[in-house]
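> This is the structure I want to talk about, given as structure tokens.
The values are calculated or read from the model by the stated rules, or taken from the named source; none is laboratory data. These figures come from a predicted structure and were not determined experimentally. Positions of Cβ are backbone-derived with ideal geometry, glycine not excepted, and every protein chain shown enters the neighbour counts. The area values use the complete protein model at the heavy-atom level, side chains included, leaving out ligands, DNA and RNA. Shrake-Rupley method; radii C 1.70, N 1.55, O 1.52, S 1.80 Å.
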Amino acid sequence: MALYMKAAEILEKAERKQAALKTLVYDSKFANIKQLFALVCETQKFSSILQEIIESTRLLKLTRLKMPLAKVLVYDLLMGQGLKCGGSWKALMMKHRSRLQAELARMKVKQKVSRNEDLLPANLQQPAGDQLPRYVRVNTLKTTVEDAVDYLKRDGFSYLGQACRLEDLSLKDRHFVRDLHLPELLVFSPKTDFHDHFLYKAGHIILQDKASCLPAFLLNPPPGSQVIDACAAPGNKTSHLAAVMKNRGRLFAFDLDAKRLATMSTLLLRAGVTCQQLANQDFLKVDPDGLQYKDVEFILLDPSCSGSGMVCLRDDSPADQEKEKARLSSLASFQLRCLNHGLRFPGLKRLVYSTCSVHRQENEDVVAACLQQNPGFRLVSLLAQWPERGLDPLPQCLRADPTKTRTHGFFVALLEKHSEDGKQEAAVQISEQEEATPCSPPESENKPAASEDESEASEVEETATPAGQTDVPPSKKRRRKRKRKKKKKNTATAE
């Protein structure tokens, strides 16, 4: 029964907008996070339908249950894999099962549908063919892509090679491919489960959505560099950064939540990360001029957001528009403060900003405002072959969504420090060098000063040969020159 009590608690907090659903699940410290996450996500997705069934059957009045707990129990009873509890709770729900099933059947008849999913609003329906693939990032701190592929093939999976187009990511059964954009990402069919697989438990693979892999991949800090992961927990992006850095250098990781940071420490240990320096600290209170951060050149900033891009976390239930507008405004303000703060680090070269939000207010609007306030930075155009771009006027950024990129909804921008004056000066210097330096330098620049005889010989050699005459060898020309000088001398003596 602990599963249902915890799921009900999280749903209630999510409905009050206390935090993002995913955050609440991970903060719960529940023994089986995967099971809890799946139950909460699916219950929230069918929330409006479950509420209608509960209200129509007067379940709350008959059982004295509260709505959040009733929802998770009814979901598992009618739409899930059956109740996972026993005793009086199960007996209570089984007593009302026939009435609940009858109400669900009545709703399907009324809407002329046969599947539970067809009862959902159109924007929440996800046909089986459109389910997101299972993405697996190979942890190169512990293995190679080739070794991971070989192991999986021996384990009964069928490797189809490198994907060349988006359609190649539509996989079935135990088939898998290598991603067409990210070389260390393997792609499997949607229902593939690796939570009990050896490679996962040993930290050789990380279960991470493709869109979530973009920030570290695009920031691309070289080995030996100093990097900050500003809002690090739960740690998948941090472990990815460490892999890109080959565990060399220093990786500062900040998070305000001590529980999330503890969970992250366990994840990094399993992944073999050794270059990290974790701090239970608010990134906004980190001093950019602190001596320990003077060599920081790269920052990954993935701040708290609405989570509206996460497929399983979308909340399309009727909401107070004014409250939602105020919430997004508050989030955008926080995100802009984080972004401006990150750009204050004196040695910074590049900063990647990402959210799992689909709202322009949290994405392009935040980046545009930041660029206006920080003219020393500019956007870098990312992955020309990526199908979904940032909204105008920021096409340099990337967006992701389930339909066009087969990922969760996501946004990524890469900001780079630049100096217009410095660039112009460098360009002028290069231009001047190109104009002043011929392809082959003059011989006078490469040889010592010639003797008088050599200079005269050069003058003779450089004189053009009249048309129709053959070239005279240099040695013969010098002998003629000496004879002419001797003849002149003799004539002068005779006179």
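> Mind telling me which of the residues LYS84, LYS22, LYS108 ends up being modelled with pLDDT of 85 or more, open to solvent by 20 Å² or more (accessible area, probe 1.4 Å) and on the phi < 0 side of the Ramachandran plot?
Within the list LYS84, LYS22, LYS108, the selection yields LYS108.
> If a residue must be at pLDDT below 95 and either assigned to a strand (DSSP E or B) or more than 23 Å from ASN236 (Cβ to Cβ) (or both), how many such residues does the stretch 296-309 contain?
The qualifying residues number 0.
> Output the residues belonging to the stretch 262-282 that are touching a residue at least 60 places away in the same chain (Cβ under 8 Å) and open to solvent by less than 60 Å² (accessible area, probe 1.4 Å).
Once the filter is applied, which keeps residues that are touching a residue at least 60 places away in the same chain (Cβ under 8 Å) and open to solvent by less than 60 Å² (accessible area, probe 1.4 Å), the stretch 262-282 yields THR263, ALA271, GLY272, VAL273.
> Let me ask another. Exactly one of these conditions fails for ALA31: (1) of a type in the set (Gly, Ala, Ser); (2) modelled with pLDDT of 80 or more; (3) within 30 Å of PRO234 (Cα to Cα). Give me its number.
Unmet for ALA31, out of (1) of a type in the set (Gly, Ala, Ser); (2) modelled with pLDDT of 80 or more; (3) within 30 Å of PRO234 (Cα to Cα): (2).
> Starting from residues that are closer than 21 Å to LEU141 by Cβ and among the small types (Gly, Ala, Ser), keep the ones in the stretch 157-209 and report whichever is least open to solvent (accessible area, probe 1.4 Å).
Among those residues, the one meeting the criterion is GLY203.
> Give the residues of the stretch 174-225 that are among the basic types (Lys, Arg) and part of a helix (DSSP H, G or I), sorted by residue number.
The answer is LYS201, LYS210.
> Also, I was wondering about something else. Would you pick out the residues in the stretch 114-131 that are of a type in the set (A, V, I, L, M, F, W, C) and either modelled with pLDDT of 90 or more or open to solvent by 40 Å² or more (accessible area, probe 1.4 Å) (or both)?
Listed by number, the residues that qualify are ALA122, ALA128.
> Examine the stretch 314-323 for a residue that is touching a residue at least 40 places away in the same chain (Cβ under 8 Å), open to solvent by 30 Å² or more (accessible area, probe 1.4 Å) and within 21 Å of the chain's Cα centre (by Cα), and state whether such a residue exists.
Yes, the stretch 314-323 contains at least one residue that is touching a residue at least 40 places away in the same chain (Cβ under 8 Å), open to solvent by 30 Å² or more (accessible area, probe 1.4 Å) and within 21 Å of the chain's Cα centre (by Cα).
> Do the conditions hold for GLU322, that is, is it acidic (Asp, Glu) and modelled with pLDDT of 95 or more?
For GLU322, the condition - acidic (Asp, Glu) and modelled with pLDDT of 95 or more - is not met.
> Further, regarding this structure: State yes or no: is THR274 assigned to a loop (DSSP other than H, G, I, E, B), among the β-branched types (Val, Ile, Thr) and within 24 Å of LEU182 (Cβ to Cβ)?
Against the criterion (assigned to a loop (DSSP other than H, G, I, E, B), among the β-branched types (Val, Ile, Thr) and within 24 Å of LEU182 (Cβ to Cβ)), THR274 qualifies.
> If you don't mind, there's one more thing I want to ask. Yes or no: the stretch 276-283 includes at least one residue that is farther than 26 Å from LEU199 by Cα, touching a strand residue (DSSP E or B) at 6+ places or on another chain (Cβ under 8 Å) and of a type in the set (Asp, Glu).
Checking the stretch 276-283: at least one residue is farther than 26 Å from LEU199 by Cα, touching a strand residue (DSSP E or B) at 6+ places or on another chain (Cβ under 8 Å) and of a type in the set (Asp, Glu).
> Look at PRO215 and say whether it is crowded, with 22+ Cβ neighbours inside 10 Å, in the same structural domain as ASP282 (by the TED database) and not β-branched (Val, Ile, Thr).
Criteria met by PRO215.
> When you look at LEU104, is it touching a residue at least 12 places away in the same chain (Cβ under 8 Å), assigned to a helix (DSSP H, G or I) and touching a His at 6+ places or on another chain (Cβ under 8 Å), yes or no?
no
> State the number of residues belonging to the stretch 226-263 that are within 23 Å of TYR353 (Cβ to Cβ), touching an Asp or Glu at 6+ places or on another chain (Cβ under 7 Å) and part of a helix (DSSP H, G or I).
5
> Now for a different question. When the stretch 284-295 is examined, which residues are found to be surrounded by fewer than 16 Cβ atoms within 10 Å (Cβ to Cβ), out of contact with any strand residue (DSSP E or B) (no Cβ under 8 Å at 6 or more places or on another chain) and assigned to a loop (DSSP other than H, G, I, E, B)?
Within the stretch 284-295, ASP287, ASP289, GLY290, LYS294 meet the criteria.
> Go through the stretch 46-73 and give me each residue that's under 19 Å from LEU120 (Cα atoms), free of Cβ contacts under 8 Å to residues at least 40 places away in the same chain and not hydrophobic (A, V, I, L, M, F, W, C).
Of everything in the stretch 46-73, those that are under 19 Å from LEU120 (Cα atoms), free of Cβ contacts under 8 Å to residues at least 40 places away in the same chain and not hydrophobic (A, V, I, L, M, F, W, C) turn out to be GLN51, GLU55.
> Take the conditions outside the structural domain of GLN35 (by the TED database) and in contact with a Cys (Cβ under 8 Å, 6 or more places away or on another chain) and apply them to LEU180. Does it pass?
In short, yes.
> Return the total of residues in the stretch 375-405 being open to solvent by less than 30 Å² (accessible area, probe 1.4 Å) and of a type in the set (S, T, N, Q).
Final tally of qualifying residues: 1.
> What's the number of the only condition in (1) more than 36 Å from the chain's Cα centre (by Cα); (2) open to solvent by less than 60 Å² (accessible area, probe 1.4 Å) that LEU62 fails to meet?
All conditions pass for LEU62, except number (2).
> Here's a follow-up. Report yes if some residue within the stretch 330-346 is of a type in the set (S, T, N, Q), buried (at least 17 other Cβ atoms within 10 Å of the Cβ) and at pLDDT 95 or above; otherwise report no.
Among the residues of the stretch 330-346, at least one is of a type in the set (S, T, N, Q), buried (at least 17 other Cβ atoms within 10 Å of the Cβ) and at pLDDT 95 or above, which makes the answer yes.
Let's see how each residue does on (1) touching a residue at least 60 places away in the same chain (Cβ under 8 Å); (2) part of a helix (DSSP H, G or I):
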position	(1), (2)
SER330	no, yes
LEU336	no, yes
LEU348	yes, no
VAL352	yes, no
SER357	no, no
GLN361	no, yes
ALA369	no, yes
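> Which residues, counting only those in the stretch 38-59, are touching a Gly at 6+ places or on another chain (Cβ under 8 Å) and open to solvent by 50 Å² or more (accessible area, probe 1.4 Å)?
If the condition is that a residue be touching a Gly at 6+ places or on another chain (Cβ under 8 Å) and open to solvent by 50 Å² or more (accessible area, probe 1.4 Å), then GLU42 is the only one that fits.
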